[in-house]
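Enquirer: Sharing a structure with you now.
The values are calculated or read from the model by the stated rules, or taken from the named source; none is laboratory data. Being a predicted model, the structure only gives us computed values, none of them experimental. For neighbour counting, all protein chains shown are included, and Cβ atoms are generated from backbone atoms with ideal geometry for every residue, glycine included.
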Amino acid sequence: MNKNLINKESYIESRLEDIYGRENIEVLFLAFLKYGIRVIDNLKIDLSGKNNVDEILTFNNVVVDFVNYKATVKGEKAKIGAVPIRISKVLLQYEGKALSRSQIIDRVWGKDAVLCDRAIDVYISALKGNLNLKLNIKTIRGVGYKFNYL
């Protein structure tokens, strides 16, 4: 391989690392291969501000176990499936930021998933009702949803 090409490659990688973070380089590259150059600016917004979420979340009277996909409300087992729990984890990872239905689908099922955006509404409704998160999950009209701790 040409030495100048290696230097340029290293420079580009270091610049991308500075902008997007080391942990996002692979995601960025795969998205570039799949969607082309136009995706890079959108990814910068999507990848920033992702929070780490504990394996078990406890707040108010709700306990969510993200490892075993179980939840309790006021000490009693909540009737909630694995998908709404995965969606709640995504919302928590981006706490305080509005996510579109498409962004939620991409993060829960992957970019290749074929799913109606409105299916997210059903799962969000389950989260609000079964986990008593009506005040925590806000509907952002024309955009999607946002999770806020109270």
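Enquirer: On the basis of being buried (at least 16 other Cβ atoms within 10 Å of the Cβ) and under 8 Å from the mean Cα position of the chain (by Cα), does Ile104 make the cut?
Expert: Against the criterion (buried (at least 16 other Cβ atoms within 10 Å of the Cβ) and under 8 Å from the mean Cα position of the chain (by Cα)), Ile104 qualifies.
Enquirer: While we're here: For the condition surrounded by 12 or more Cβ atoms within 10 Å (Cβ to Cβ), closer than 28 Å to Asp121 by Cα, modelled with pLDDT under 85 and not assigned by TED's automatic domain parsing to the domain that holds Asn136, what is the one hit in Tyr35, Tyr20?
Expert: Numbers: Tyr20 fails: closer than 28 Å to Asp121 by Cα.
Step by step, each of Tyr35, Tyr20 is checked, and only Tyr35 is surrounded by 12 or more Cβ atoms within 10 Å (Cβ to Cβ), closer than 28 Å to Asp121 by Cα, modelled with pLDDT under 85 and not assigned by TED's automatic domain parsing to the domain that holds Asn136.
Enquirer: State all residues of segment 96-150 that are without any contact (Cβ under 8 Å) to a residue 24 or more places away in the chain and of a type in the set (Phe, Trp, Tyr); if no residue qualifies, say none.
Expert: Trp109, the sole residue that qualifies.
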